[in-house]
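A.B. asks: One structure follows; several queries about it will come next.
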Amino acid sequence: MKSTIRGAVLGLAVILVAQAAHAQAMSFGLGGGIVVPTGTLSDGNSTGYSGSALVRVQPPASPVGFQVDAFYTRFGLEGVDGHSRMIGGTANAVFAFPGASMARPYLIGGLGLYNGKTTIDGLGSSESQTKFGINAGAGFDFGLGKAKLFAEGRFHAIMKGVSDGTSGDEKTAYMIPLTVGLRF
């Protein structure tokens, strides 16, 4: 009798966990676009490009979700042959405004880890450095059947991400990626 009750309770628990996982509405996405360096990051760096991959969990009954994304950004250097690159990842809260329209706005923001490196042709690469940062932005999801087209802009602040060339002090680096992609 006890084993039958345990089996029934275990079976019910498995069913409930499976339903909860299914209800979490997990999506995956890929995106790309341009990235604009601002503030001290724009000293010597020109507008570049960025690519990203993401995983979002958005419970259907809640406007608040969670998103983890990884990105690669590459900037050109001004006046020199070479480039700067930034590889990173962020963990974010997402607030999707309720509604059933074709374009659904959302807000996104969170913490990130950023690894930067500069390469000058003929001189080699600088040592890569990893820094913490924060990001915040807004975007729109556009329904396309099972997939969603998204467009967003974010503001990233990378703490102590750039060294001042004259004093050697580390300053906050800023960049603004403008991304378009698909989430499915």
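A.B. asks: Report yes if Gly116 is surrounded by 12 or more Cβ atoms within 10 Å (Cβ to Cβ), over 22 Å from Val55 (Cβ atoms), under 22 Å from the mean Cα position of the chain (by Cα) and modelled with pLDDT under 95, otherwise no.
C.D. replies: Judged against the criteria, Gly116 is a match.
A.B. asks: Same structure, new question: Let me spell it out: the conditions are (1) over 21 Å from Phe95 (Cα atoms); (2) of a type in the set (A, V, I, L, M); (3) assigned to a strand (DSSP E or B), and Ala53 meets all of them except one. Which number is the exception?
C.D. replies: Here Ala53 meets the rest and fails (1).
A.B. asks: Restricting to region 119-132, and then to whatever is hydrophobic (A, V, I, L, M, F, W, C) and either within 25 Å of Gly153 (Cβ to Cβ) or in a loop (DSSP other than H, G, I, E, B) (or both), can you tell me which residue is nearest to the chain's Cα centre (by Cα)?
C.D. replies: Phe132
A.B. asks: Assuming Arg74 fulfils every condition listed in (1) at pLDDT 95 or above; (2) out of contact with any strand residue (DSSP E or B) (no Cβ under 7 Å at 6 or more places or on another chain); (3) among the charged types (D, E, K, R) apart from one, which condition is it?
C.D. replies: Going through the list (1) at pLDDT 95 or above; (2) out of contact with any strand residue (DSSP E or B) (no Cβ under 7 Å at 6 or more places or on another chain); (3) among the charged types (D, E, K, R), Arg74 breaks only (2).
A.B. asks: Would you check which residues across region 34-50 are surrounded by fewer than 17 Cβ atoms within 10 Å (Cβ to Cβ) and in a strand (DSSP E or B) and list them?
C.D. replies: Ile34, Thr38, Tyr49
A.B. asks: May I ask you to list the residues in region 97-129 that are aliphatic (A, V, I, L, M) and within 30 Å of Pro63 (Cβ to Cβ)?
C.D. replies: Ala100, Met102, Ala103, Leu107, Ile108, Leu111, Leu113
A.B. asks: Hey, Ser125 hits all of (1) within 19 Å of Gly31 (Cα to Cα); (2) in contact with a strand residue (DSSP E or B) (Cβ under 9 Å, 6 or more places away or on another chain); (3) exposed (fewer than 13 other Cβ atoms within 10 Å of the Cβ) but one; which does it fall short on?
C.D. replies: (1) is the only condition that Ser125 fails.
A.B. asks: Shifting gears a bit: Hey, could you check region 130-168 for residues that are acidic (Asp, Glu) and buried (at least 16 other Cβ atoms within 10 Å of the Cβ) and say which is modelled with the lowest pLDDT?
C.D. replies: Asp141
The values are calculated or read from the model by the stated rules, or taken from the named source; none is laboratory data. Note that the structure is predicted; figures quoted are calculated from it, not measured. Glycine gets a Cβ as well: all are built from the backbone with ideal geometry, and neighbour counts include every protein chain shown.
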